[in-house]
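Input: a single structure, listed below in structure tokens.
The values are calculated or read from the model by the stated rules, or taken from the named source; none is laboratory data. As the structure is a prediction and not an experimental result, all values here were calculated from the model. Please note: Cβ atoms are built from the backbone with ideal geometry, for glycine as well, and neighbour counts cover all protein chains shown. Surface accessibility is based on the protein's heavy atoms, side chains included, excluding ligands, DNA and RNA. Shrake-Rupley method; radii C 1.70, N 1.55, O 1.52, S 1.80 Å.
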Amino acid sequence: MGDANEIGSNPVTPKVASAAATPPISAPPSQFHSPSLSRSPLLSSVDHIQPANKTPKNSTPRIRTPRFITPLGSPIRRALQLTRLDPHDAWLPITESRNGNAYYAAFHTLCSGIGIQALVLPVAFTILGWTWGIINLTIAFIWQLYTLYLLVQLHESSETGMRYSRYMQLCSVTFGEKLAKWLALFPIMYLSGGTCVALIIIGGSTCKMFFDIVCGGTCTAEPPTTVEWYLIFTSAAVLLSQLPNLNSIAGVSLIGAITAIGYCTLIWVVSVVEGRMPGVSYDPEKGSADVTRIFDVLNALGIIAFAFRGHNLILEIQATMPSDEKHPSRLPMWKGVKVAYTLVAMCLFPLAIGGYWAYGQMIPKDGGMLTALFAFHGQDTPQFILGLTSLFVIINALSSFQIYGMPTFDDMESLYVRKKKKPLPWWFRAILRSMFGYGCFFVAVAIPFLGSLAGLVGGIALPVTLSYPCFMWLKIKKPKIFSPTWWLNWVLGVFGMALSGVLTAAGLYVIIDTGIDFSFFNPQ
């Protein structure tokens, strides 16, 4: 990480400098509430800013701490040293505001933890069956919750005083900058930009469905085309994306979380209340050959893995909180995560189990439960319920777009901050975020079949959720060799990497074997 990680040898109470020379910005590691002590790997050591005579309004202030501010027996006191701060963080959307709390953490985590990907979970059950479907869903939930706990604990170090405010930053510290780019850059980019593309596809298509429900056959005006609905949804998302930082969208995430719980609950309750479809079958699908059967099972596991995304946002969410040695950010963050994932479990398990009970092998593979609701119950369900469900999906997609786009906004703005050594002007930020939003719109129109690649994408992104946090814990915390914690993290990490490889291969095989309608520039 270059100079950002170097520990100075200066005494805690520095000598008085001359008027001509301005000392570099520094602070003891106990000041966790200050912007993180090192930036994303995108910022090299040469990018550190030497402060001018006048400190910018939003810049990191100079902080001086007396020698005996912490108890002599504390770990912080034993490791108390001066470390250079990176003032860039005070100007970037993820770390610009540090007044977050457990409520904000719960809102953001819940909004990013529940999404449309949960609606295709019953598709995995059609291949795995009742027993193995429930077992694998439970194991995946517990596994990803454990790795989530590891990331929350790794966010800040009591030994060095560093806060790792971005997932890629922690990857670089663990694996080295070059290896981290090879291992994590593409999955993280997809989980940010690719998810935003998928949200435009889903949100635009659902806008069309909502218009048909509300308008019915009474409207005389010609309805917009699918591409025009994509554009309408994208314009709304771009307008909302002008909120400056991650803390400023806490209210948006709250609305997104409420609507996600709303449509998940409405869909499975309606499906269960309406009863099982006539002639429903629960016999798992079997391929014509053993190889096909194996790859189908692996593809189903990829669908389950894809449902548990959002780990690439946990460090960023925690970075919005204040922290010090007596009140570390991991405590309120973990409280928020526990509340959020309790609600996630209350949505995902009934959705998967209730959906498979109602439709069995008849569950549509494209769209999952949302498509099934309209296909099988579009006539016997009140239009109000169908319209409310569609509206919840649209609002949730708009809200999720903001939190998944924030890491990309942060990276784009860091390029300007690194070069110009000053905050990004508001008008330039508006241009950059608009370019990102409409760039995602172009990809959504060009590749409208992106949602059909859930199994493949789940395999590629799986290490970010299930493997890398285990290796990070081993490298940074250094548990005792052959201890239970050491064995647990090695087994989960290695197994997760192997599973990622076979799931990716299975996703490719299923695509080649069953085929996908590659309708480029032709969204339906």
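Taking a ≥ b ≥ c as the square roots of the eigenvalues of the Cα gyration tensor, segment 252-338 is classed as oblate, since a/c reaches at least 1.5 and a/b does not exceed b/c. In a shell of Cβ-Cβ distance under 14 Å around TRP486, excluding TRP486 itself, what net charge do Lys and Arg (+1) and Asp and Glu (-1) give? Net charge in that neighbourhood comes out at +4. Peptides 317-328, 243-254 ordered by packing proxy, namely the average of other Cβ atoms within 10 Å per residue, highest first: 317-328, 243-254. Along the charge dipole of segment 81-514, pointing to its positive end and built from +1/-1 on Cβ of Lys, Arg, Asp and Glu, which listed residue (GLY507, ILE127, LEU150) has its Cα farthest out? The residue sitting farthest along the positive end of the dipole is LEU150. For segment 81-514, the dipole from Cβ point charges (+1 on Lys and Arg, -1 on Asp and Glu) about the Cα centre works out to 1440 debye, to the nearest 20.
Computed over protein heavy atoms with a 1.4 Å probe, the accessible surface of segment 81-514 works out to 39 Å² per residue. The shape of segment 287-405 comes out oblate: with a ≥ b ≥ c from the C-alpha gyration tensor, a/c is at least 1.5 while a/b does not beat b/c. With K and R counted +1 and D and E -1, the other residues having a Cβ less than 14 Å from that of LEU148 yield a net charge of +3.
On segment 81-514, 70 percent of the accessible area sits on carbon and sulfur atoms, based on a 1.4 Å probe. For segment 81-514, the Cα-based Rg and Dmax, in that order, read 21.7, 72 Å. Contact order, relative form, for segment 345-500: 15 percent (alpha carbon pairs under 8 Å, 6 or more residues apart, mean separation divided by residue count). VAL344 sits among other residues whose Cβ lies under 12 Å from its own Cβ, and their net charge, with Lys and Arg +1 and Asp and Glu -1, is +2.
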